[in-house]
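Asker: The following block contains the structure, expressed as structure tokens.
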2 protein chains.
Amino acid sequence: MNPVIEQLKLHRSIRKYKPDALSDEHLQSILESAQKASTSSNMQAYSIVGVTDPEAKKRLAHLAADQQFIEECPLFLIWCADLLRLQHACAPIEEVDIPSTSEIFIIATVDTALAAQNASIAAESLGLGVVYVGGIRNNPKEVSEVIGLPKLVYPVFGMCVGYPDQEPTQRPRLPLEVVYHKETYSTNTYTQGIEDYNRSLSEFMLTRAGGTRDSNWSKEMVRRLNSRHRTHMREFLAEQGFELN
Amino acid sequence: MNPVIEQLKLHRSIRKYKPDALSDEHLQSILESAQKASTSSNMQAYSIVGVTDPEAKKRLAHLAADQQFIEECPLFLIWCADLLRLQHACAPIEEVDIPSTSEIFIIATVDTALAAQNASIAAESLGLGVVYVGGIRNNPKEVSEVIGLPKLVYPVFGMCVGYPDQEPTQRPRLPLEVVYHKETYSTNTYTQGIEDYNRSLSEFMLTRAGGTRDSNWSKEMVRRLNSRHRTHMREFLAEQGFELN
């Protein structure tokens, strides 16, 4: 195992931060690392909004399911899929109608995620901790207002960055053979693999929650999928100019 | 700069591979690294199909814009957003209707991208090279047939993995101040930043293409956005059970 893979394997989400701010050098390294990620046809279809203002973080924390750590972390990055800058790129030559296809939505969303993952790894290598925050999609319109997002830009997720003030244990993942398929997709491993995973996750949850929380993957996923949350996203995306045609 | 950030900053896409296969140990490390990436509510909504069969790679290369390196690389990974496994996860408890929302589409697509980016970094740290292949979305239905994808699974992108047989130079990225916004989104930097970037990319292209290819970012983006490609994606996604409601 080399130091890079070691780093990747150490990841766990941090939900409690020291108040210390990042140095400018660290922030610069993190952002430059983000930019080095692959991007579809060099479109670089993402923007990052970095929020440090306490009032703004407080408001964003409230909008994202009242998650306290958003207020507490020194830097809250909001990762946005961005087609507006492409329109600006074309402007010196001609006015281009940005396509409102599912395809361009995938491109911009994936570009954003790849860059963010590089940033998270860079941050962790500098002793910082991160957590991805899908909760900003609870109130995407209000979040967009707080950070002034124009049309053709949408907030995909947030990311807290700061020095960890906790040492959480790693949650186990699905057995590899359930996720990786050789040559063709197969569900043959699913019944046994999910049963095994339910067992290990149940053990983990009982340990982590002090022996009081009895759950497993199947139970968590039923609860999660039945909640039908964020059904407003389609309409919000359309308002932002992402029609998903 | 630490070894992790150094690694991230070295990335360039590889489009020419030696025939040597990966060792099982390396593949295992790469896949385990992928699994360590963050995942929304632990849904792990992705699957990876690893293709090594020469005939299958040849067919996939043809379907993905006849890109020769897909045939030549020893391992072609197809990264799929996967909601089917979640249905299997719920099965022991109850039959759950997988929501067909834009929200769950974002979750699964982002989960896939984060895992893939971890894999690409792990691979590069082992001396391997990679390239992301959006071209599999040129013929997503046929690609899905080759690797046997069922409903509720869609191929987001491919990734060639293998030992590099070229030393490409890094393409410059946009100036950081065009991508990173402090506190709120702003287009103030765009005109100057894009002008600067056009200049540096034009220089780069003239150098890399032996002084014959005169282009820049604005020109490339106009060409790219006017091509309106992959307009079939919406229909394909719906057929796979991703309705984007």
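The values are calculated or read from the model by the stated rules, or taken from the named source; none is laboratory data. These numbers come from a predicted model, not from an experiment. In this analysis, Cβ positions are derived from the backbone assuming ideal geometry, glycine residues included, and neighbour counts consider all displayed protein chains.
Asker: Among the residues of the stretch A:65-83, count how many are aliphatic (A, V, I, L, M), surrounded by fewer than 22 Cβ atoms within 10 Å (Cβ to Cβ) and at negative phi.
Answerer: 1
Asker: On the basis of being farther than 20 Å from residue A:5 by Cα and either in contact (Cβ under 8 Å) with a residue 40 or more places away in the chain or among the hydroxyl-bearing types (Ser, Thr, Tyr) (or both), does residue A:153 make the cut?
Answerer: Spelling it out, residue A:153 is indeed farther than 20 Å from residue A:5 by Cα and either in contact (Cβ under 8 Å) with a residue 40 or more places away in the chain or among the hydroxyl-bearing types (Ser, Thr, Tyr) (or both).
Asker: Looking at residue A:61, is it small (Gly, Ala, Ser), farther than 30 Å from residue B:243 by Cβ and surrounded by fewer than 17 Cβ atoms within 10 Å (Cβ to Cβ)?
Answerer: no
Asker: Quick check, is residue B:48 touching a strand residue (DSSP E or B) at 6+ places or on another chain (Cβ under 9 Å) and within 7 Å of another protein chain (Cβ to nearest Cβ)?
Answerer: Taking the combined requirement at face value, the residue satisfies it.
Asker: Just give me the residues in the stretch B:85-103 being more than 7 Å from chain A (Cβ to nearest Cβ) and touching a residue at least 24 places away in the same chain (Cβ under 8 Å), in sequence order.
Answerer: B:87, B:100 - these are the residues of the stretch B:85-103 that are more than 7 Å from chain A (Cβ to nearest Cβ) and touching a residue at least 24 places away in the same chain (Cβ under 8 Å).
Asker: I've got another one for you. Considering only the stretch B:125-148, state which residues are under 13 Å from residue B:80 (Cβ atoms) and either part of a helix (DSSP H, G or I) or over 18 Å from the mean Cα position of the chain (by Cα) (or both).
Answerer: Matches in the stretch B:125-148: B:136, B:137, B:140, B:143, B:144, B:146, B:148.
Asker: What's the number of the condition residue B:151 fails, among (1) at pLDDT 95 or above; (2) among the basic types (Lys, Arg); (3) in a loop (DSSP other than H, G, I, E, B); (4) within 18 Å of the chain's Cα centre (by Cα)?
Answerer: Against the list (1) at pLDDT 95 or above; (2) among the basic types (Lys, Arg); (3) in a loop (DSSP other than H, G, I, E, B); (4) within 18 Å of the chain's Cα centre (by Cα), residue B:151 comes up short only on (4).
Asker: Within the stretch A:3-44, can you find the residues that are in a loop (DSSP other than H, G, I, E, B) and closer than 19 Å to residue B:12 by Cβ?
Answerer: A:36, A:37, A:38, A:39, A:43, A:44
Asker: Give all pairs with beta carbons closer than 8 Å in which a residue from the stretch B:168-186 that is more than 24 Å from residue A:151 (Cα to Cα) and touching a residue at least 24 places away in the same chain (Cβ under 8 Å) meets a residue that is of a type in the set (A, V, I, L, M, F, W, C) and surrounded by 15 or more Cβ atoms within 10 Å (Cβ to Cβ); count only pairs at least 6 apart in sequence or on separate chains.
Answerer: That search, which allows pairs on different chains as well, returns B:168/B:14; B:169/B:204; B:171/B:201; B:171/B:204; B:172/B:201; B:172/B:204.
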